[in-house]
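K.L.:
My questions all concern the structure below.
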């Protein structure tokens, strides 16, 4: 970079080496961290807090507005709102007008009524949702409302931004507030977190709404906490009424109150806490209890003056660089957030898993309760196999039931015609008994043929189930009633031999007819038993298949829940690992920030010092000497903001 020729340019660029080193440094950080140290080009101070905690009153007080002008200022800023409601509906930047007129967002002078109406119109557009932009509205307050001497106040050139309250009731206003907070509070050089003493819970990370603001306690360069309406609390009044007060004691008392909310205040942040009594609260105290007010007024005044000095110092050119020295705390805070978020979500998932396992234990009491995933996967495999087998088995039985197999059963029970060796009664009786015994055996074992058939032709996984189905077929009992008539005739003979061959032949034919009739009847019984038995089993199997299908669906749902739970846990762990990896990288970068600044300073110093030896004129060499001292002085200011270790 070429050395400027004039001293004015050299003086204007005296910070460039540090700011350029800072910009290069910020671009290497993880987004979660860089967003917390990156700043806008213009130094800004943002006042952030809930509705009706005294943000606007604080700003006007810091600007040195005379208390005697309170009523007119309050009427205008409220824009027609009733007392007790938020006066700020959009981001406002306050200043002092060059004359005795009001100026609202432009260069058009207004009187009190016009200014009030202008702010009322702006509020209406916000509440109706027609105003979505987040641009600042400049309010210039009439010069006549400021005291003649304003040395005990902030310069009006400070970019002091008043944001709407976080708990706005109007939905459109709530959405705008969040956009405003992200636009201004996350890039401000200084953020004043304002809360009332009765609402310290606002300082908890979850109540700040914006994650980048959650680590305020680890960033004393960027954040200040202002507690309002403290001394008017009855508990505080009782504590401090007869006790000598100083700033240090009040700070310690307020910090102890804040830490009861499980908020840890690091020792290096303690001096960033300011306790004030402003506006109506201060006036009420002064009127109702002047002795007590006189007791606390010096401390309040000292707090106010320290805050003004602090804001002026924090608005210096190196303020944004000071935060980088504390980046390790920011990173550690972000790591804590990631870990806390992980533990919170994991605890939720663990609770969900406990509930799911209880449900599984009730639905599947026969299964082991651990590990459920493996048990259910095995159970699902078993159900799949059962479902397939039962479905195929039912199809086979249904097909057999509807198959015409009457001839098969007739052939199964069919026997040989009556054959005897002699024409005697005893020969016919012996043939009758043999047939009865044959049919009796056939009635007992007619199902064997199906077992043999299925063993030969059925698929292997269906052989056993089909055999079980055959075993469950209803049995038939042999009944010899078809033989009663011929048996009676044969028993009636008094001699064994026939006198006439025609009588023998006739009895043989009758016996043969009895044979065929009994065979057909028992074949029909077996056939009907076959149909009824397989039909009943097929219907039962159909219900079993439906039940198995339902079980499969239920198991699949539970398995999916378990797999989803596992996937969610894995994703959660992966996100934590990735976040920690980014933070670790940012932490390593942060640890080298000072070295980078040192290198940038040495390089800038070397460049300037070359002008001492190589300056073309005596003036160039003289400017180089002055420039060297200037850079050293600026470096000392920078390192003065580095926290002590």
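K.L.:
Would you confirm, using the coordinates I've provided, whether residue 19 is at pLDDT 70 or above, in a helix (DSSP H, G or I), over 32 Å from the mean Cα position of the chain (by Cα) and closer than 18 Å to residue 221 by Cα? Please lay out each step first, then the result.
P.N.:
On the way: at pLDDT 70 or above: yes; in a helix (DSSP H, G or I): yes; over 32 Å from the mean Cα position of the chain (by Cα): yes; closer than 18 Å to residue 221 by Cα: yes.
Taking the combined requirement at face value, the residue satisfies it.
K.L.:
Any residue in segment 283-294 that is part of a loop (DSSP other than H, G, I, E, B), surrounded by 17 or more Cβ atoms within 10 Å (Cβ to Cβ) and touching a residue at least 40 places away in the same chain (Cβ under 8 Å)?
P.N.:
Filtering segment 283-294 for residues part of a loop (DSSP other than H, G, I, E, B) gives 289.
Okay, now just the ones that are also surrounded by 17 or more Cβ atoms within 10 Å (Cβ to Cβ), so none.
For segment 283-294, residues part of a loop (DSSP other than H, G, I, E, B), surrounded by 17 or more Cβ atoms within 10 Å (Cβ to Cβ) and touching a residue at least 40 places away in the same chain (Cβ under 8 Å): absent.
K.L.:
Within segment 442-459, how many residues turn out to be in contact with a helix residue (DSSP H, G or I) (Cβ under 8 Å, 6 or more places away or on another chain), over 15 Å from residue 519 (Cβ atoms) and either part of a helix (DSSP H, G or I) or not assigned by TED's automatic domain parsing to the domain that holds residue 416 (or both)?
P.N.:
Count: 5.
K.L.:
Which members of segment 66-119 meet the condition of being part of a loop (DSSP other than H, G, I, E, B), modelled with pLDDT of 65 or more and surrounded by fewer than 18 Cβ atoms within 10 Å (Cβ to Cβ)?
P.N.:
Passing the criteria: 98, 99, 100, 105, 106, 107, 108, 109, 111.
K.L.:
Determine which member of the set 400, 428, 439, 466 is within 30 Å of residue 555 (Cα to Cα) and either at pLDDT below 90 or assigned by TED's automatic domain parsing to the domain that holds residue 532 (or both).
P.N.:
466
K.L.:
Of the residues 586, 574, which single one is at pLDDT 85 or above and closer than 30 Å to residue 339 by Cβ?
P.N.:
574
K.L.:
Among the residues of segment 532-553, write down those that are crowded, with 16+ Cβ neighbours inside 10 Å and more than 12 Å from residue 390 (Cβ to Cβ).
P.N.:
Once the filter is applied, which keeps residues that are crowded, with 16+ Cβ neighbours inside 10 Å and more than 12 Å from residue 390 (Cβ to Cβ), segment 532-553 yields 533, 534.
K.L.:
For segment 460-479, give me each residue that is in a loop (DSSP other than H, G, I, E, B) and within 18 Å of residue 412 (Cα to Cα).
P.N.:
Residues satisfying the conditions are 473, 474, 475, 476, 477, 478, 479.
K.L.:
State whether the residues of segment 605-625 include one that is touching a helix residue (DSSP H, G or I) at 6+ places or on another chain (Cβ under 6 Å), at pLDDT below 75 and within 22 Å of residue 24 (Cα to Cα).
P.N.:
So far as segment 605-625 goes, no, none of its residues is touching a helix residue (DSSP H, G or I) at 6+ places or on another chain (Cβ under 6 Å), at pLDDT below 75 and within 22 Å of residue 24 (Cα to Cα).
The values are calculated or read from the model by the stated rules, or taken from the named source; none is laboratory data. Note that the structure is a prediction, hence the values are computed from the model and not measured. All Cβ positions, glycine included, derive from the backbone under ideal geometry; neighbour counts span all protein chains shown.
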